[in-house]
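Please read the structure below before turning to the comments.
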Amino acid sequence: MTEDEFINILKNGDFKERFDAVSRTEPAYLIHALTDKDENVRYKVASRIPPENLMLLINDPYKEVRLIVAKRIGANELPKMMNDKSFWVRHAVAERIDESYLSSLIVDKEPIVRIKVAERIDMKYLKDMMKDDETLVRKVVAKRIPKEYLYLMQNDESESVRNIISERLSE
């Protein structure tokens, strides 16, 4: 299909025709479908468009589109998505972002994001996560924190965290 044929389908086609067109056309043409009225079409665009054009979708109203963007854009662009309103998008960012940015996500409001941060962050920042409200975050911290700081977590309110601490101290 030519670029003009693709543009014509986007302008005049129904959902199925537009979705089929973005599924089959040259990825370079997908730039024309970035503002399609249907989120499923934009989702397909986000999964196929060349990565250098993905930034045009970082503010898409549909979180699934932004999630695909977070999983595909260059790592150097991820800081622009750290404050996304969807915790799934922020989690995807925390999975891939350069470690130097993770300290900004230590206080994310969602535990699933903070768990991913605790798994990846440089060990020197784990002390800042020892008192996290979420037990699962503290469990990750207890498994990774340098041994010399374990005593600071010995009286944790969670038995599972205390058990991890006890095991590590007896090694």
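Taken together, the values in this text are just the output of simple stated rules run on the coordinates, not laboratory data. Remember, predicted model here, so these are calculated numbers, not experimental data. FYI the Cβ positions are ideal-geometry reconstructions off the backbone, even for glycines, and counts take in every protein chain you see.
Remarks
- Largest first and in whole Å, the equivalent-ellipsoid semi-axes of region 108-171 read 18, 13, 9, each the square root of five times a Cα gyration tensor eigenvalue.
- By the count of neighbouring beta-carbon atoms within 10 Å, fewest first, Met55, Met129 end up ordered Met55, Met129.
- Kirkwood hydrodynamic radius over Cα pairs of region 1-97, then Stokes diffusion coefficient at 4 °C and 1.567 mPa s, in µm²/s: 96 µm²/s
- In terms of its C-alpha gyration tensor, region 76-133 has an oblate overall shape, because the principal axis ratio a/c (a ≥ b ≥ c, square roots of the eigenvalues) is not below 1.5 and a/b does not outweigh b/c.
- In terms of surrounding Cβ atoms within a 10 Å radius of their Cβ, Asp133, Asp156, Asp128 rank from fewest to most as Asp133, Asp128, Asp156.
- 3J(HN,Hα) couplings calculated from phi for region 151-159 with the Karplus curve 6.51 cos²θ - 1.76 cosθ + 1.60 (θ = phi - 60°) are, in sequence order, 4, 6, 10, 4, 9, 4, 5, 8, 4 Hz; Gly and Pro show x.
- Within region 65-105, the proportion of Cα pairs with more than 12 Å between them is 46 percent.
- Going from the residue with the fewest nearby Cβ atoms within 10 Å to the one with the most, Arg162, Arg66 rank Arg162, Arg66.
- Across the chain, counting alpha-carbon atoms alone, Rg and Dmax equal 21.6, 70 Å.
- Charged-residue dipole, Cβ positions (Lys, Arg, Asp, Glu), the chain about Cα centre, Debye nearest 20: 340 debye
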